[in-house]
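Okay, structure first, notes after.
The values are calculated or read from the model by the stated rules, or taken from the named source; none is laboratory data. These numbers were taken from a predicted model, which means no experiment stands behind them. Remember, those area values only see protein heavy atoms, side chains included, never the ligands or the DNA or RNA. Shrake-Rupley method; radii C 1.70, N 1.55, O 1.52, S 1.80 Å.
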Amino acid sequence: MDYTVVGGTKGKGTGAGLPVSVVLLNRASRLYRNDVFRELDRLGFDSIVSIDEGADTRDVESLAGRYPRVRFLLLSEPTSVGERVNLGIRESAGPFVFVLWDDMRLSSQALSSRFFERLATQNILCTAPFVTATGGEAVPVAATPALHGSSLKVLNLPPAHDGARSLFPFDFCGIYSRERFVLTGGFDGSLGNPYWQKLDFGFRAWLWGEEIRLAQALKVNYVDQAPEENATPDDHYKWFWLKNLAPQFRGDSADMPSHRFWAYLRARRGGFFSAISEFRSAREWVRINRYRFRSDAASLVDLWEDEGP
């Protein structure tokens, strides 16, 4: 991925202010960009990485001069949201990275030293916020799994309580443990659909023993309409299915039984020989990562249902 860096520093991760870096993803009108950077700068984050896509970068030089802690990463070509998050976290410093969009506003009441002290002791991959829409109504951000045969259904529910589990961080927004994020491999750039990127990342994280939980003290609200998600199964779904729903956990590792191929062939569209090639590729991925697994999809959903949210 080719990009240009303008302004800022990478940050020292010293926690002189808040011990967290910010990755800002941009999709809103540029009219409000100055307000966003002013507020983030005022809150005292260790560093801010703003990821810009497209040729319109007219305001970047002036903003970089006004906000020296902001590093602008100017992408030379379109990339998926997950790839932008991967890049931003890689370019950040310090133990925690807060990913949010420029059409979100953060409640500064959440940013206390006590909150981050607790965050540091929880060993959680991602702490996701409670979210409200522009009218003040709560957004159902707790992604909850249910299996119907070999098919997965994800329900989006309001968080039941502080610390509620979620399959993935809604709209990619949350405070990620940088170390744990890197160890999970981040978001899969080959899955171009943002929904399947999130679901693949989150499901893999839970299967590998990581956790994604919602914190009531961390609150953001949209200044515009909350984005709609396209969860329609497409070509990207097949890779999610192969990597997350097909493996079976036995003893201390996972494998991909050969009989799973027939379920895959029935579920996908395309030719027989291309299905064999895809299945073999995914089976090799599972073999390489077999000892990373702590459960399989059926066990994860059963545990989720038994323990509640």
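Annotations for the structure displayed:
- Probing with 1.4 Å while keeping every protein chain in the model, the per residue accessible area of segment 219-269 equals 58 Å².
- Value of [θ]222 nm, deg cm²/dmol, for the chain, DSSP H segments ≥ 4, -39500 (n - 2.57) each, nearest 500: -9500 deg cm²/dmol
- Gap separating the Cα centres of segment 217-273 and segment 105-133, nearest whole Å: 28
- Which of MET1, MET256 is most accessible, then next, and so on - probe 1.4 Å: MET1, MET256
- Per-residue surface analysis assigns GLU305 an accessible area of about 110 Å², computed on protein heavy atoms at 1.4 Å probe radius.
- Among (i) 21.1; (ii) 20.3; (iii) 19.8, the entry derived from the coordinates for Kirkwood radius over Cα pairs in Å: (ii)
- Rounded percent of accessible protein surface that carbon and sulfur make up, the chain, 1.4 Å probe: 49
- Spatially close Lys pairs in the chain, defined by Cα atoms under 28 Å apart and a spacing of eight or more places or different chains, total 10.
- Sorting THR132, THR232 on solvent-accessible area from highest to lowest, probe radius 1.4 Å, gives THR232, THR132.
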